[in-house]
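The values are calculated or read from the model by the stated rules, or taken from the named source; none is laboratory data. Note that the structure is predicted; figures quoted are calculated from it, not measured. Cβ coordinates were reconstructed from backbone atoms using ideal geometry, including for glycine residues, and neighbour counts include every protein chain displayed. The area values use the complete protein model at the heavy-atom level, side chains included, leaving out ligands, DNA and RNA. Shrake-Rupley method; radii C 1.70, N 1.55, O 1.52, S 1.80 Å.
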Amino acid sequence: MATLSTKLGQRFSVQDWHVNSNLISADAERQRSASHQVRQEARALRNETNNQAKWDEHNNRTRLTERINSVNRWKETLDKCLVDIDEEITALTKVKEMAERALQAKNLCLDVAIECLTLRESRRAIDVVRDPVEEELRREVKVIEKAKRELQQRVSDAFEQLCLLQEAHQQLSFDHCCKVEALQVDRSCLSLSVNSPNVSFKVNPTRVPSRSTTLNAWEMNSLCNKKHAEAEVNASTLLREATLLAIAQTNHELEAQREAINFALRKRINELERALDELKWQEKNTLEEIAEMEEDIRRLEKDLQRKMQDLKVAHTRLETRTYRPNMELCRDKVQFGLTVEVHQLQQSIRALQQKLAESQSTLNALYRQLHRIQTDIGYKTNSLVLDNECVESRRKLVVPAEKWMPDFEVFNRSVNRTLSLLQSGQLELG
């Protein structure tokens, strides 16, 4: 016959059983409700993040497209500026060459005028007068020299303007190349997608590069380059017009006053000789001062080296005395004296170094001044040689008058006559 188990267990009431069942049901409902809430929030978040990502990507693609269009517009503007500046460089180069040819052409005019003046020095007796023809010839020489100076200035201005145009062209080319490279980068970025093979995570991609500029600065840079190029082109255009006008004016201003070239040459030679004497005296004194300054510098360096050795000794003494044992390591008079000596030597070394630097600077200034003097001596010696050559060259232009006179009588005078030595001497340039 079966018997009841003698094991006693906890017994719950029917009410506890119902409460437990209801609790489990309520927990299940609550958990399902929480899960449903999480699922709804997850779906909403997915929709929101997807929409946000799509809109952000769309907006950035739009921004990239607009940026590409903006950079491309500036590139086209720079292309036009480059074409304009290339055309202006070509035009200004041609005008500069025209001015150089006009300047070269004035040499022949000047030679003819000087030759005419030299020929008229062959006149004798009462005919040696300052008549209107001679005055016109002298005025012609001055006009030609003035025209040469003006044309030379125009050529120099054209050369400088060409340099400025080349500089502006270089700036534009650099900016243009940067914009081409930026367009390539942005177009590459625009072509990227999630399926692109070269898409990957980068280290700190949101950093701001140290070379970054603001949009306004970028705009102003391109605008300044454009305005600078346009300003140089306008200046070049005005210079071309002024140069062409100068060429036209100088071609119509060949009749002007002349001066006594020979007197000016001799006066200039005397001035150059006096200037050379003065410069040679200055050169001699400067060389003496340089020699004395070099000697003083050598003495300063020697004293500075000696002070450095003394400082080494003082340092060594101070360092060696730090190894005294126990109570012997006291701050005695020797310690104070060595410290004062070190400070004094350091002060002396600084003073000597400062004076040495000052002396060296003064010596360099003396050498620069000597170079200027010697250069000026070379310039003036060269000018003196050239002026003497001019005098000799003008003497060579003196020829017998009958060689240039026609074979007929003028004012009832025979032209086939021989110049006496005295008369020939009168024809020499004064």
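Does R331 satisfy the criteria of being assigned to a loop (DSSP other than H, G, I, E, B) and at pLDDT 80 or above? Answer is yes for this residue.
Taking the conditions (1) open to solvent by less than 80 Å² (accessible area, probe 1.4 Å); (2) modelled with pLDDT of 70 or more in turn, H315 satisfies each one other than (1). The numbered conditions (1) open to solvent by 50 Å² or more (accessible area, probe 1.4 Å); (2) under 30 Å from I144 (Cα atoms) are all true for R43 except (2).
Being open to solvent by less than 80 Å² (accessible area, probe 1.4 Å), of a type in the set (G, A, S) and more than 51 Å from the chain's Cα centre (by Cα), is that true of even one residue in the stretch 287-297? Within the stretch 287-297, none of the residues are open to solvent by less than 80 Å² (accessible area, probe 1.4 Å), of a type in the set (G, A, S) and more than 51 Å from the chain's Cα centre (by Cα).
Among the conditions (1) modelled with pLDDT under 80; (2) hydroxyl-bearing (S, T, Y); (3) surrounded by 11 or more Cβ atoms within 10 Å (Cβ to Cβ), the only one that T206 does not satisfy is (3).
Among the residues of the stretch 74-112, which ones are within 24 Å of D175 (Cα to Cα), surrounded by fewer than 17 Cβ atoms within 10 Å (Cβ to Cβ) and β-branched (V, I, T)? V83, T90, listed by residue number. The requirement of being at pLDDT below 75, part of a helix (DSSP H, G or I) and touching a Leu at 6+ places or on another chain (Cβ under 7 Å) is satisfied by C116.
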